[in-house]
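Down below is the structure, laid out as structure tokens.
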Amino acid sequence: MATESKRARTARMHREYAALCELIPVVECQLDFDSPFQLLVATVLSAQTTDKRVNQVTPELFAAYGSPQELAAANITDVERIIRPLGFYRMKSKHIIELAQALVATNNGQVAESMDALTALPGVGRKTANVVLGNAFGEPSFPVDTHVIRVTARLHWRDDWMKPNASPEDIEREITACFPPETWTDLSHRLIIFGRNICMARRPDCTRCPLRRSCPSAAHFLELEAEREAVAARKRRRPRTAGRRSR
């Protein structure tokens with residue numbers, strides 16, 4: 001692809017996002033929650049696992065510890081037993097109990113509607129805070145996870161698309177500068193869903209991608225897919241060798 005001006009890239013980003021809106025017309029948070037506190041805890045638990053798996057354990061967790069006060073006083077062994085299927089359960093148990101204790105100690109158990117206050121809690125980073133701000137409070141926010149990092153790099157939506165360890169905060173700043181604040185949360189949701197279902201990490205499904213005509217990376221991945229198909233076809237055509245004769 002020829003060198004693209006910032007203005008041309010922004011226009012392309014908006015066209016591609018319009019296509020994603022057609023592909024994914026309705027979006028919502030994939031984590032089940034009934035309160036900002038529940039979403040905060042669920043998001044911390046979602047690290048290194050799937051939202052689906054988190055949703056399988058949080059009903060029992062929140063039935064036992066439905067408030068910050070209850071979780072703050074929880075026996076860590078009991079919490080570990082409930083969330084064990086998620087992996088890293090010892091560290092996660094420690095974090096969610098400590099963040100509940102911090103909420104009780106500093107804000108009477110209330111989840112603050114503030115990036116600084118949220119990221120001051122144990123186990124809470126900027127991505128988690130953005131998830132809570134955007135989905136529990138309706139504040140403009142743009143959570144950057146591995147899917148967002150991968151998709152925005154393949155689409156060349158950012159200057160540092162070639163960097164293997166691009167800063168999530170830099171990605172957030174650059175992408176949000178190109179879209180109105182009221183679209184940020186849904187934009188993140190759509191990029192994540194798109195990354196999970198079409199623009200997968202190991203083998204993106206470019207043949208059914210609505211962005212393949214404008215995506216700078218599509219030709220490369222389509223070529224790889226054609227090579228895989230050619231190899232598979234050669235294997236299918238290869239004659240079978242006769243088995244060894246029995247002695």
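Read-outs: derived from the displayed coordinates by stated rules, not from any lab. All of these numbers come straight from a predicted model, not from anything done at the bench. Heads up, the Cβs are rebuilt from the backbone with ideal geometry, glycines too, and the neighbour counts pull from every protein chain shown.
Got a sec to turn the phi values of segment 221-237 into Karplus ³J(HN,Hα) couplings, 6.51 cos²θ - 1.76 cosθ + 1.60 with θ = phi - 60°, whole Hz, x for Gly and Pro?
6, 5, 5, 4, 5, 5, 5, 4, 5, 5, 4, 4, 5, 5, 5, 5, 7
Within a 10 angstrom radius of the beta carbon, how do 161, 184 rank from fewest other beta carbons to most? Don't skip to the answer; put the middle values down first.
Values: 161 16, 184 20.
In increasing order of surrounding Cβ atoms, one gets 161, 184.
Kirkwood hydrodynamic radius (Cα pairs, Å) of segment 36-135? Please list the in-between numbers first.
Details: mean 1/r = 0.0760 Å⁻¹.
Final number for the Kirkwood radius of segment 36-135 is 13.2 Å.
Could you give each residue of segment 152-159 its phi-based ³J(HN,Hα) in whole Hz, using Karplus coefficients 6.51, -1.76, 1.60 with θ = phi - 60°, and x for Gly or Pro?
Coupling constants for segment 152-159: 5, 6, 5, 7, 6, 7, 9, 5 Hz.
Could you derive backbone 3J(HN,Hα) for segment 22-35 from the dihedral phi with the Karplus parameters 6.51, -1.76 and 1.60 (θ = phi - 60°), listing whole Hz in sequence and x where the residue is Gly or Pro?
Each residue's phi maps through the Karplus curve to give 5, 5, 10, x, 10, 10, 7, 4, 7, 8, 7, 7, 10, 7 Hz.
Would you work out the charge dipole size for the chain about its Cα centre, treating the Cβ of every Lys and Arg as +1 and the Cβ of every Asp and Glu as -1, and quote it to the nearest 20 debye? Display every interim value, and only then the final one.
Values: 36 positive and 29 negative charges, 545 e Å.
The dipole of the chain has a size of about 2620 debye.
Among 79, 41, which comes first, second and so on when ranked by fewest other beta-carbon atoms within 10 Å?
On the way: 79 21, 41 31.
Final ranking by Cβ density, sparse to dense: 79, 41.
For residue 104, what is the net charge nearby, where nearby means another residue's Cβ is under 12 Å from its Cβ and Lys, Arg count +1, Asp, Glu -1? All intermediate terms of the calculation are to be shown ahead of the outcome.
Numbers: positive: none; negative: 70, 98.
Summing Lys and Arg as +1 and Asp and Glu as -1 gives -2.
Using a Gaussian network model on the chain with a 10 Å cutoff between Cα atoms, which of 63, 105, 117 fluctuates the most?
Fluctuation is largest for 63.
Mind sorting 10, 152 by how few other Cβ atoms lie within 10 Å of their own Cβ, fewest first?
On the way: 10 15, 152 21.
Neighbour counts put them in this order, fewest first: 10, 152.
Taking a point 7 angstrom from the Cα of residue 10 along the C-beta vector, which residues in segment 166-210 have backbone N less than 20 Å away?
170-188
Share of Cα-Cα pairs in segment 167-217 beyond 18 Å, in percent?
Cα-Cα pairs of segment 167-217 separated by over 18 Å account for 43 percent.
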